[in-house]
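Reading through the structure tokens given below for one structure.
What follows is calculated from the coordinates using simple rules that are stated; it is not laboratory data. Everything quoted here is computed from the prediction, not taken from an experiment. Quick reminder, even Gly has a Cβ in these numbers, built from the backbone with ideal geometry, and neighbours come from all protein chains shown.
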Amino acid sequence: MGRNGWSLIGLVVLLATNMVLLQYTIESYMVYDHASMRLYMIIAVINVGLIGLLYRYWKKIEYRTKE
Amino acid sequence: MSNESKDRERLSSLVDNLSRADDVKLNRRAFIKSTFGAGIALGLATVPFNIAAFVRSEPRTDRQFITTVDALERGKSLEFEYPGTEPSLLVHLKTGEFVAYNNKCTHLQCPVFYVEEEDVLLCPCHRGYFSVDGQPQSGPPQRELPKILLEIENGKIFAVGREIHHGA
């Protein structure tokens, strides 16, 4: 598999992780578990940063000109 | 021009301006970009919940009378509200012990019921099982039920506080 494929697998993993983290955040919000909420938010925001980096990486591969 | 040829012309005009190869290429990229966007949106959606949690105040956990020891038979349960208007469940276990939890399933907030025959707490929405110590056993719930701290004084049961994490 090429670099493009790996970057898309990374994207799917990060997307799924953020989905689960949002679900956990809502569950924690309902039971006033603020400490867990903060932890989930920190991980989700780090993931957002990783997605941003991955997007730049993917764009570089996707739009590169063939030599 | 016959009706049939007119129809054919009309149909071809719908697709004439599209190059199928470009369409697939553009849609693939657009889809991937949307997926990146969705990932970012889902991650950032956790932030407003934290802000809301920071702003809101927790319900007061004052000492509150629930019922008397004699009023609840062994193997039976009683619903009450604590803290504030949050639904809770007091269970008189077969062993004679009293336990109480917020009776909102930690998955999607459905009410939880005590099943005497199996000695478990059951959320019927998605068949989530909790043991009588509040820990999730099977089904979708992943976290324990918040425990209501009890005090028994002169045959009267009082709720005196709540523990979100109370271990096994």
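Out of all the residues in segment B:130-147, which are outside any loop (DSSP other than H, G, I, E, B) and in contact (Cβ under 8 Å) with a residue 12 or more places away in the chain? Outline the logic, then answer.
Keep residues of segment B:130-147 that are outside any loop (DSSP other than H, G, I, E, B), which gives B:130, B:136-138, B:147.
Within segment B:130-147, B:Phe130, B:Pro136, B:Gln137, B:Lys147 qualify.
Counting only residues that are among the hydrophobic types (A, V, I, L, M, F, W, C), surrounded by 13 or more Cβ atoms within 10 Å (Cβ to Cβ) and more than 13 Å from every other protein chain (Cβ to nearest Cβ), how many does segment B:131-168 have?
Applying the first criterion (among the hydrophobic types (A, V, I, L, M, F, W, C)) to segment B:131-168 yields B:132, B:145, B:148-150, B:152, B:157-160, B:164, B:168.
Those left that are additionally surrounded by 13 or more Cβ atoms within 10 Å (Cβ to Cβ): B:132, B:145, B:148-150, B:157-160, B:164.
Narrowing the set further to residues that are more than 13 Å from every other protein chain (Cβ to nearest Cβ) leaves B:132, B:149-150, B:157-160.
Qualifying residue count for the region: 7.
Yes or no: segment A:19-35 includes at least one residue that is loosely packed, with under 15 Cβ neighbours inside 10 Å, outside any loop (DSSP other than H, G, I, E, B), more than 8 Å from every other protein chain (Cβ to nearest Cβ) and in contact (Cβ under 8 Å) with a residue 24 or more places away in the chain.
no
Looking at segment A:39-67 only, could you name the residues that are within 8 Å of chain B (Cβ to nearest Cβ) and more than 20 Å from B:Ala41 (Cβ to Cβ)? Full working, then the answer.
Our first condition is that a residue be within 8 Å of chain B (Cβ to nearest Cβ); within segment A:39-67, this holds for A:40-41, A:44-45, A:47-48, A:51-52, A:54-55, A:58, A:62.
The answer is A:Glu62, and nothing else.
Mind counting the residues in segment B:93-118 that are closer than 22 Å to B:Glu151 by Cβ and either part of a strand (DSSP E or B) or within 14 Å of chain A (Cβ to nearest Cβ) (or both)? If you could, list the steps in order and put the result at the bottom.
Let us first name the residues in segment B:93-118 that are closer than 22 Å to B:Glu151 by Cβ, namely B:93-103, B:114.
Then keep just the ones that are either part of a strand (DSSP E or B) or within 14 Å of chain A (Cβ to nearest Cβ) (or both); that gives B:98-103, B:114.
Final tally of qualifying residues: 7.
Hey, among B:Leu78, B:Leu121, B:Leu90, B:Leu150, which residue is within 22 Å of the chain's Cα centre (by Cα), in contact (Cβ under 8 Å) with a residue 24 or more places away in the chain, over 20 Å from A:Glu27 (Cβ atoms) and assigned to a strand (DSSP E or B)? Can you show your working first?
Values: B:Leu78 fails: in contact (Cβ under 8 Å) with a residue 24 or more places away in the chain; B:Leu121 fails: over 20 Å from A:Glu27 (Cβ atoms); B:Leu150 fails: within 22 Å of the chain's Cα centre (by Cα).
It is B:Leu90.
Find the residue count for segment A:36-47, including only residues that are touching a residue at least 12 places away in the same chain (Cβ under 8 Å) and surrounded by fewer than 20 Cβ atoms within 10 Å (Cβ to Cβ). Steps first, answer last, please.
Within segment A:36-47, the first condition is being touching a residue at least 12 places away in the same chain (Cβ under 8 Å), and the residues that meet it are A:36-37, A:40-41, A:43-44, A:47.
Add one more test, that the residue is surrounded by fewer than 20 Cβ atoms within 10 Å (Cβ to Cβ), and what stays is A:36, A:43.
Here the count works out to 2.
Need pairs with beta-carbon distance below 7 Å; first residue facing chain A (nearest Cβ under 7 Å) and under 28 Å from A:Asn4 (Cβ atoms) and within segment B:30-56, second of a type in the set (Ser, Thr, Tyr) and surrounded by 17 or more Cβ atoms within 10 Å (Cβ to Cβ); sequence gap 6+ or separate chains.
Every condition considered, the pairs that remain are B:Phe36/A:Tyr55.
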